[in-house]
Amino acid sequence: ADIPGPPGRRFFGNLRDIDPDNTMDSLCRLTEIYGPIWKFHLGTEERIVIGSQKLMDEVCDEARFVKVVAAVLKQARNGVQDGLGTAHGPEERNWGIAHRILAPHFGPLAIANMFGDMQDIATQLVLKWARHGPEHNIQVTEDFTRLTLDAIALCAMDYRFNSYYREAMHPFIDALASFLETNAGRAKRSAVMQPLCVFENHRYWGNIEQLRRTGHAVINARKQHPSDKKDLLNAMLHGVDPHTSERMTDDSVVNNMITFLFAGHETTSGLLSFTFYYLLSNPATYVKAQQEVDDAIGRDRITSSHLARLPYLSAVLRESLRLSPTVPAIALAAKEDTTLSGKYKVRANAPIIALFAAVHRDPLVYGSDADEFRPDRMLDIEFEQRNKEFPNCWKPFGNGMRGCIGRSFAWQQALVVAAMLLQSFDLSMSDPSYRLQVKQALTIKPEGFHMRAQLRSHVA
Ligand code: HEM
């Protein structure tokens, strides 16, 4: 059968159907019109979009489908080459070496060891909000982004950006932000036009040089002043691949160091921002989450053993990622010519966009209230049963071998921060009539969402 889709125009394809500033919204809207599988054309290139649990489950079969490095990720290769997220896969040797060396360092024990560093940075945020007082209009995503960047830098390479102690961002962070933004712009432009953007290109390659120079400087500093901290930098510098007995090259270490910083900050900061947006828009869930924190932790200083006693807060995070997956889609392709749903022909290597935002709201899985924020449905038992009955219905961390290596890191950090904030403050929306506006670059985040934070009486 033919895959449906909007009619295209010669040379331009469906460029007019897709809003370049909010691609995901356009893709979701078109999924509502054309159904769970449809296609569109970017110029002459075809893209297939899928947006149901059934199809998601099918493309998660790693024997038939692989990740493709397309669009923004393809551009990011200019800066981080074959780092974990941007490598084409096991055919690039460095991916396997880095993956095998690093995976144990993202495991539960290693992440538990990072608890103190995560708490250190979260405490800085609590102090900042406390000092600014209850009238201060908190720039939510900006403050969470400072937090996640500082935490990943401290945990990964024992480096302090100290973002809460400076007005302007650290030059490395500015270069990283500009690099990421330009990748998004480049991905929307045809390769023929690229050389014409002289000024932008100059800045872009300058930023890449700055990022890599800083990366090498951090490595050299560690080599000159070794530390026995069990961080990711030491793991990368000293680790030996059990498979090939090889070590990572300095270039590969730099690629992955920059990758952790960019893969690990906006994603988690977006998760925290959406979580507080949803909690505050659904006051009963806020009360329940805060009550759970009070019962489990009370006034004590939070420790890693408290985290297992926060099942409702975990469900809140899952539900937030279901409705607003901060990585809104991934790209895959069939290894060989095949059919999807047993009837739609798909060519090998043709990019398929798996749209989490649509998969996560599949009414056949989540029912008629799929669009509502209802954390109870994500409590352990129901969550696990649903995942058994509808495999791959919740995929915010991607799939299989190419799934997120930083998942436990992100989870622990989000739990610690959310718990500490609920414990310390009564939060409210600065503008109670605020309606969710999503801003999309590589990740999505709520735009224009501001909060106020009143210290709770037991803390003041
Ligand atoms: C991969 C989501 C946090 C590092 C991915 C992928 C997704 C994802 C969907 C697969 C991408 C693809 O298929 O193209 C998230 C979300 C996060 C998060 C939603 C937070 C809520 C983190 C953190 C780190 C990290 C904290 C690092 C500390 C990575 C890396 C990869 C990856 C290195 C590439 C893995 C590989 O291909 O070998 N993430 N991520 N992520 N993530 Fe995350």
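Brief remarks on what is shown
- When residue 82 is tested against the conditions (1) assigned to a loop (DSSP other than H, G, I, E, B); (2) in contact with a Gly (Cβ under 9 Å, 6 or more places away or on another chain), the lone failure is (2).
- Counting only residues that are surrounded by fewer than 14 Cβ atoms within 10 Å (Cβ to Cβ) and assigned to a helix (DSSP H, G or I), the stretch 143-178 holds 3 of them.
- Among residues of the stretch 6-45, those that are buried (at least 16 other Cβ atoms within 10 Å of the Cβ) and either in contact with a His (Cβ under 8 Å, 6 or more places away or on another chain) or of a type in the set (Asp, Glu) (or both), counted: 5
- Of all the residues in the stretch 201-255, those that are polar (S, T, N, Q), in contact (Cβ under 8 Å) with a residue 24 or more places away in the chain and over 17 Å from residue 160 (Cα atoms) number 6.
- Enumeration of residues in the stretch 404-451 that are part of a loop (DSSP other than H, G, I, E, B) and within 16 Å of the ligand (Cβ to nearest atom): 404, 405, 406, 441, 442, 443
- Any hit, the stretch 199-217, residues being at pLDDT 90 or above, touching a Ser or Thr at 6+ places or on another chain (Cβ under 7 Å) and under 26 Å from residue 123 (Cα atoms): no
- Taken together, the criteria exclude residue 249 from residues that are hydroxyl-bearing (Ser, Thr, Tyr) and in contact with a Lys or Arg (Cβ under 9 Å, 6 or more places away or on another chain).
- Taken together, the residues in the stretch 317-373 that are crowded, with 16+ Cβ neighbours inside 10 Å, among the basic types (Lys, Arg) and away from the ligand (no atom under 16 Å from the Cβ) amount to 1.
- Residue list for the stretch 85-104, restricted to those being part of a helix (DSSP H, G or I) and either hydroxyl-bearing (Ser, Thr, Tyr) or under 19 Å from the mean Cα position of the chain (by Cα) (or both): 99, 102, 103
- Here residue 112 clears all of (1) in contact (Cβ under 8 Å) with a residue 60 or more places away in the chain; (2) surrounded by 18 or more Cβ atoms within 10 Å (Cβ to Cβ) except the condition numbered (2).
- Note on the stretch 230-250: among residues that are away from the ligand (no atom under 16 Å from the Cβ) and not β-branched (Val, Ile, Thr), the one that is nearest to residue 210 (Cα to Cα) is 250.
- Conditions (1) farther than 19 Å from residue 274 by Cβ; (2) touching a Lys or Arg at 6+ places or on another chain (Cβ under 7 Å); number of the one not met by residue 141: (1)
- The C-beta contact set for the stretch 150-168 (first residue under 16 Å from residue 125 (Cβ atoms) and within 11 Å of the ligand (Cβ to nearest atom), second residue of a type outside the set (Phe, Trp, Tyr) and part of a loop (DSSP other than H, G, I, E, B), distance under 6 angstrom, 6+ apart or interchain) comprises 155/114.
- Test result for residue 238, crowded, with 22+ Cβ neighbours inside 10 Å and at negative phi: no
- Of all residues in the stretch 5-34, those that are closer than 25 Å to residue 390 by Cα and more than 26 Å from the chain's Cα centre (by Cα) total 2.
- Top-ranked residue of the stretch 120-143 - restricted to ones that are out of contact with any His (no Cβ under 9 Å at 6 or more places or on another chain) and within 16 Å of the ligand (Cβ to nearest atom), ranked as nearest to residue 227 (Cα to Cα): 121
- Qualifying residue in the stretch 393-401 (condition: surrounded by 19 or more Cβ atoms within 10 Å (Cβ to Cβ), in contact with an Asp or Glu (Cβ under 7 Å, 6 or more places away or on another chain), modelled with pLDDT of 95 or more and part of a loop (DSSP other than H, G, I, E, B)): yes
- Test: residue in the stretch 376-391 that is of a type outside the set (A, V, I, L, M, F, W, C), within 16 Å of the ligand (Cβ to nearest atom) and at pLDDT 95 or above: no
- Residues of the stretch 417-460 satisfying the condition of being β-branched (Val, Ile, Thr) and surrounded by fewer than 23 Cβ atoms within 10 Å (Cβ to Cβ): 438, 443, 459
- In the stretch 276-307, the residues that are within 17 Å of residue 408 (Cα to Cα) and touching a helix residue (DSSP H, G or I) at 6+ places or on another chain (Cβ under 9 Å): 303, 304, 306, 307
- Summed over the stretch 84-111, residues that are within 10 Å of the ligand (Cβ to nearest atom), under 15 Å from residue 156 (Cα atoms) and small (Gly, Ala, Ser) total 2.
- Of all residues making up the stretch 9-20, the number that are more than 14 Å from residue 48 (Cα to Cα) and modelled with pLDDT of 75 or more: 4
The values are calculated or read from the model by the stated rules, or taken from the named source; none is laboratory data. None of the values given here were measured: they were computed from a predicted structure. Using ideal geometry, Cβ is built from the backbone for each residue, glycine included, and neighbour counts are taken over all protein chains shown.
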